[in-house]
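Notes follow once the structure below has been shown.
The values are calculated or read from the model by the stated rules, or taken from the named source; none is laboratory data. Computed from a predicted structure; not experimentally measured. A quick note on method: Cβ atoms are made from the backbone with ideal geometry, for glycine too, and the neighbour counts reach across all protein chains shown. Please note that ligands, DNA and RNA were not included when accessible areas were found on the heavy atoms of the full protein model with its side chains. Shrake-Rupley method; radii C 1.70, N 1.55, O 1.52, S 1.80 Å.
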Amino acid sequence: MARAFASSSVSLSGTGMPPAWAGKWFWVAVALLALAGALIDDSYARHILILCFLWAIVAASWDLVIGYAGIMNYGQLVFFAFGAYVSGFLAAKLGVTPLVAMAIAAAATGLIGLLVGLPCLRLRGEYVALFTFAVHLAMPPLIQQGRDLGLGGNTGLLGIPPVNLFGYVIGPLDKLGWFYLTLAVAAVSIYLIYFVLLRSRLGHAFVALRDSEGFARTLGVDDFKYKLLAFAISAVFAGLAGALYAHYTTVVTPKILGNEFFLMAMVMLAIGGMGRFPGVLIGAFLVIIGNELLRGFDTYRLIVLGAAVVVTVLLLPNGLVSLAERMGWGKRAGTQVGST
């Protein structure tokens, strides 16, 4: 059965996985962003791009579990928050070196992903969505109850130290340093997700389970193992993004699990297009930049974002990335994808 699955993996190449040649263009885009960081002499613009890089990691990790593994997980921000709090607590309260704290936070978040994934394996479809969203709703009260443990409650975890990169301290005001650090982590993380993991046998197993779980089982795909791995791997990347966010802002509050952050993340996926590289990455940049541009219209900001989702869903059900397919580019490039 395993041989049959391996031999069938070629047929999965048209299911949203980026082609090998796209990896070269990805690094070209990263190089252009690195050049832009040196040319842009505005700390606010760099701050916005730093947020874009951080949320691109979250969006890519969420895309892995929803768009490619087909698991309706609505608790991804729990992993983001958990990574932020663990890294912040270790560094601020226990004096752990920030780089070590971030590594521990990412690993610990992966274990939480396994714990959240275990009960989900007994559920299907919308029940997985309900369970994971319930976990999301339960997280803020737990954080508030952890005030005596040093989590800060509603006030938040304060005084998180900056990253010390081999003797070079990247403080919160060092936007250029944070620009290159978050760009590097985001680039490596996204490359590992889309061009290493998804193009491996593991990625083919995710897509096979998403498209036809019954057929995938006949090919020897263990749905229990692979779905659990999807939860754990996506949690590791989301936790890493959260840890970076904590050391960048130097404070973490339960607000990162609020409705605004959750809706923004969902808009990234809906506008960009799940399971269609580079859909959610485009969505992350558009939403973060658009949200900042609308900052002066705070009352109407979320209304505009919601309207953007409605228009996108009506005109482009598969996200902005499907524009390429409508223009015939996807067929010429051999990257036309199936529905997710």
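Within the stretch 129-142, is there a residue that is more than 25 Å from Gly67 (Cβ to Cβ) and in contact (Cβ under 8 Å) with a residue 60 or more places away in the chain? Checked the stretch 129-142: at least one residue is more than 25 Å from Gly67 (Cβ to Cβ) and in contact (Cβ under 8 Å) with a residue 60 or more places away in the chain. When Leu257 is tested against (1) crowded, with 17+ Cβ neighbours inside 10 Å; (2) touching a Gly at 6+ places or on another chain (Cβ under 8 Å); (3) not small (Gly, Ala, Ser), exactly one condition is not met: (2).
Yes or no, residue by residue, for (1) modelled with pLDDT of 90 or more; (2) in a helix (DSSP H, G or I); (3) closer than 18 Å to Ile71 by Cβ; (4) in contact with an Asp or Glu (Cβ under 6 Å, 6 or more places away or on another chain):
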site	(1), (2), (3), (4)
His247	yes, yes, no, no
Glu260	no, yes, no, no
Ile271	no, yes, no, no
Met274	no, no, yes, yes
Val280	yes, yes, yes, yes
Gly283	yes, yes, no, no
Leu286	yes, yes, no, no
Gly290	no, yes, no, no
Phe297	no, yes, no, no
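Within the stretch 41-58, the set of residues being open to solvent by 50 Å² or more (accessible area, probe 1.4 Å) and free of Cβ contacts under 8 Å to residues at least 24 places away in the same chain comprises Asp41, Asp42, Tyr44. Looking across the stretch 160-179, the residues that are in contact (Cβ under 8 Å) with a residue 60 or more places away in the chain and either open to solvent by less than 20 Å² (accessible area, probe 1.4 Å) or at positive phi (or both) come down to Ile160, Val163, Trp178, Phe179.
Being open to solvent by less than 10 Å² (accessible area, probe 1.4 Å) and over 20 Å from Thr182 (Cβ atoms) is the filter here, so list the residues in the stretch 222-246 that pass it. Let's see the steps before the verdict.
Step one: of the stretch 222-246, the residues open to solvent by less than 10 Å² (accessible area, probe 1.4 Å) are 230-231, 234-235, 238-239, 241-244, 246.
Listed by number, the residues that qualify are Ala230, Phe231.
Within the stretch 105-123, the presence of at least one residue that is farther than 29 Å from Ala208 by Cβ, out of contact with any Phe, Trp or Tyr (no Cβ under 6 Å at 6 or more places or on another chain) and at pLDDT 95 or above is confirmed.
Output the residue which, of all residues in the stretch 124-148 that are touching a helix residue (DSSP H, G or I) at 6+ places or on another chain (Cβ under 8 Å) and among the aliphatic types (A, V, I, L, M), is farthest from Arg210 (Cα to Cα). Please lay out each step first, then the result.
Pass one, the stretch 124-148, residues touching a helix residue (DSSP H, G or I) at 6+ places or on another chain (Cβ under 8 Å): 128, 131-132, 135-136, 139-140, 143-144.
Right, trim to among the aliphatic types (A, V, I, L, M) and you get 128, 135, 139, 143.
On the way: Val128: 14, Val135: 23, Met139: 28, Ile143: 34 Å.
Among those residues, the one meeting the criterion is Ile143.
For the stretch 59-115, the set of residues classified as part of a helix (DSSP H, G or I), over 26 Å from Leu202 (Cβ atoms) and without any contact (Cβ under 8 Å) to a residue 24 or more places away in the chain consists of Leu90, Val100, listed by residue number. Taking the criterion of being under 16 Å from the mean Cα position of the chain (by Cα) and either among the polar types (S, T, N, Q) or open to solvent by 20 Å² or more (accessible area, probe 1.4 Å) (or both), the only residue of the stretch 197-220 that qualifies is Leu197.
So, in the stretch 260-280, of the ones that are open to solvent by less than 20 Å² (accessible area, probe 1.4 Å) and among the hydrophobic types (A, V, I, L, M, F, W, C), which residue ends up nearest to Leu77 (Cα to Cα)?
Step one: filter the stretch 260-280 for residues open to solvent by less than 20 Å² (accessible area, probe 1.4 Å), giving 264-265, 267-269, 271-273, 275-276, 279-280.
Then keep just the ones that are among the hydrophobic types (A, V, I, L, M, F, W, C); that gives 264-265, 267-269, 271, 280.
Details: Met264: 11, Ala265: 8, Val267: 13, Met268: 13, Leu269: 13, Ile271: 18, Val280: 15 Å.
Looking at the filtered set, the residue picked out is Ala265.
Among the residues of this structure, Leu151 counts as one that is within 28 Å of Thr182 (Cβ to Cβ), buried (at least 16 other Cβ atoms within 10 Å of the Cβ) and in contact (Cβ under 8 Å) with a residue 12 or more places away in the chain. As a summary of the residue check, Leu157 satisfies the conditions (1) open to solvent by less than 50 Å² (accessible area, probe 1.4 Å); (2) within 23 Å of Val30 (Cα to Cα); (3) touching a residue at least 12 places away in the same chain (Cβ under 8 Å); (4) not charged (D, E, K, R) except for the one numbered (2). For the stretch 16-25, the criterion of a residue being farther than 13 Å from Ala235 by Cβ, open to solvent by less than 10 Å² (accessible area, probe 1.4 Å) and modelled with pLDDT of 90 or more is satisfied by no position.
Every condition in (1) open to solvent by less than 10 Å² (accessible area, probe 1.4 Å); (2) more than 14 Å from Ala232 (Cβ to Cβ) holds for Gly83 except the one numbered (2).
The residue of the stretch 299-321 that is surrounded by the most Cβ atoms within 10 Å (Cβ to Cβ), among those that are in a helix (DSSP H, G or I) and of a type in the set (Val, Ile, Thr), is Thr312.
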